[in-house]
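Any read-out appearing in this document is the output of simple, stated calculations on the displayed coordinates, not a laboratory observation. Note that this is a predicted model, so its numbers are computed, not measured. Cβ: placed from backbone, ideal geometry, glycine included. Neighbour counts: every protein chain shown.
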Amino acid sequence: MTQPHLPSDEIRDRFSKAMSAMYQSEVPQYATLLELVEQVNRETLERDSALAERLAAHDELHRLGVERHGAIRVGSADELAMLRRLFAVMGMYPVGYYDLSEAGVPVHATAFRPVDDAALARNPFRLFTSLLRLELIDDPALRERAAAILEERDIFTPGVRELIARHEQQGGLDEAQAERFVAEALETFRWHKDATVDLDTYQALHEEHRLIADVVCFRGPHINHLTPRTLDIDEVQRRMPQAGMNPKAVIEGPPRRACPILLRQTSFKALEETIRFAGERQGSHTARFGEIEQRGMALTAEGRALYDRLLGESRQRTAGLDDNAAHQRELAEVFAAFPDDEAELRRRELAFFEYRPTQAGRDAAPVDTDDREALLERGLITARPITYEDFLPVSAAGIFRSNLGDGTHEGYTGNANREAFEAALGAPVTDELALYAEREKTSWRATRDALGR
Ligand code: OOG
Ligand code: NI
């Protein structure tokens, strides 16, 4: 008898928990970060009962403690394409294209993530996945050497390859297969203390760019961080040193606001770890860190343009500032130009909202208007901001940079190449703005239907 398939959301949930357990045992400081985040979340909820009620009403308390994302970096098109098939087993699809080369990091990236509302609500775990761009290495000999090293490795176990193929044939995995899949998939992301190359090769690649050494010299794309959700990122940043962590200098993204937008992130800096190189020589490598995030509302194209413009303006004012409090003060001044009132954000169409009819609205159907603001005012519908589920290239570059050590590379200009990325991936990436717009539109259509319009 054939067994029923386990829902992909369930496989993703198990996988994210297994990944978290593995990373906590590999990087004990990450377990310390989780404790700190949990403590600050608890205190925040005690202090802010309105927030606690809102989270409870939206059924968010039970998943507050699950990680929101992680990140990996791969070296070849084949690796990326196979990852796409692996993540599809867990209902994670490539959304968004991020060019980091402009910021001096020779990669481009996407995020594999759940897409529909129910899947996001179950477990929103995503993986920010970067593809190394060997074509940006100047020295042809080094470029070829790196490509040859990558050619030699297989980052997937035979077991996971077989289960991915089986998933594609049968359209799912049963309980026992799913269990095996999680265990086998996890192997790809494990840390390896021994490099595949000798110390000289490592150093040559490292000199070209630290990131190249990180991708090329190991058996697989070790998970380089995981990221829980904090309800108060400023407080966690403040407390990190007391808890023995060395935070990056500043929090990335927008400043603290009454109506949070997009995404704020910070991390403790990557740890230096002992590595055994081929030929038995010892050395070290820094790659792995811990991050936290706090998400706000998704912005429309117009809202995003305003965000990007203000961030650009703040850049001159914050350049060289490595004191977070001062940095945040400058940001807050510049961002005073970004409306911080839900109704105004909605009326000016700067952010995306989800609409619902209230009971009074249903009772009043058919209503005499479909003017949104009028319906809201009369209590016939509600509007709730849609949470931003994606990433920000400038912030991502900041996270990369602070964890690759301070020797920064100048930008590789004019290198965004979404087509090449999609060719490597073997599929198009979904446009994130289209997803939010669709969600808003669908909710509005259903609301109008319920109101008899
Ligand atoms: C990824 C950095 C980007 C984020 O949260 O923006 C990232 C990396 O260091 O590989 O994870
Ligand atoms: Ni991250």
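Just a few scattered comments:
- Cα centroid separation - region 389-435 against region 216-261, whole Å: 18 Å
- Modelled FRET efficiency - R0 30 Å, HIS62 with ASN246, Cβ distances, 0.05 increments: 0.40
- Cα→Cβ-extended label distance, 7 Å offset, between THR286 and LYS193, nm: 2.2 nm
- Translational D in µm²/s for region 291-367 (Stokes-Einstein at 20 °C, 1.002 mPa s, Kirkwood Rh from C-alpha pairs): 142 µm²/s
- Between the Cα long axis of helix 199-208 and the first principal axis of the chain there is an angle of about 40°, rounded to the nearest 10.
- The value obtained for region 180-328, namely the Cα convex hull volume divided by the number of residues, is 173 Å³ per residue.
- Net +/- balance of residues flanking ASP139 in space, Cβ distance below 13 Å, scoring K and R +1, D and E -1: -3
- The helix-only estimate of mean residue ellipticity at 222 nm for the chain, built from DSSP H runs of length n ≥ 4 each weighted as -39500 (n - 2.57), is -14500 deg cm²/dmol after division by the residue total.
- Here the gap between ASP138 and GLU438, fully extended at 0.36 nm per residue and compared with their Cα-Cα distance, gives a gain of 103.7 nm.
- Ranked list, fewest to most other Cβ atoms within 10 Å of each Cβ, for VAL74, VAL66, VAL334: VAL66, VAL334, VAL74
- Axis of helix 301-318 versus longest Cα principal axis of the chain: the two differ by about 60°, to the nearest ten degrees.
- The protection proxy used here, the mean number of other Cβ atoms lying within 10 Å of each residue, ranks peptides 99-109, 316-326 as follows, highest first: 99-109, 316-326.
- Degrees separating the helix 77-89 axis from the principal Cα axis of the chain, which is the longest one: 40 degrees
- The radius of gyration of the Cα set in the chain, together with its Dmax, comes out at 22.9, 80 angstrom.
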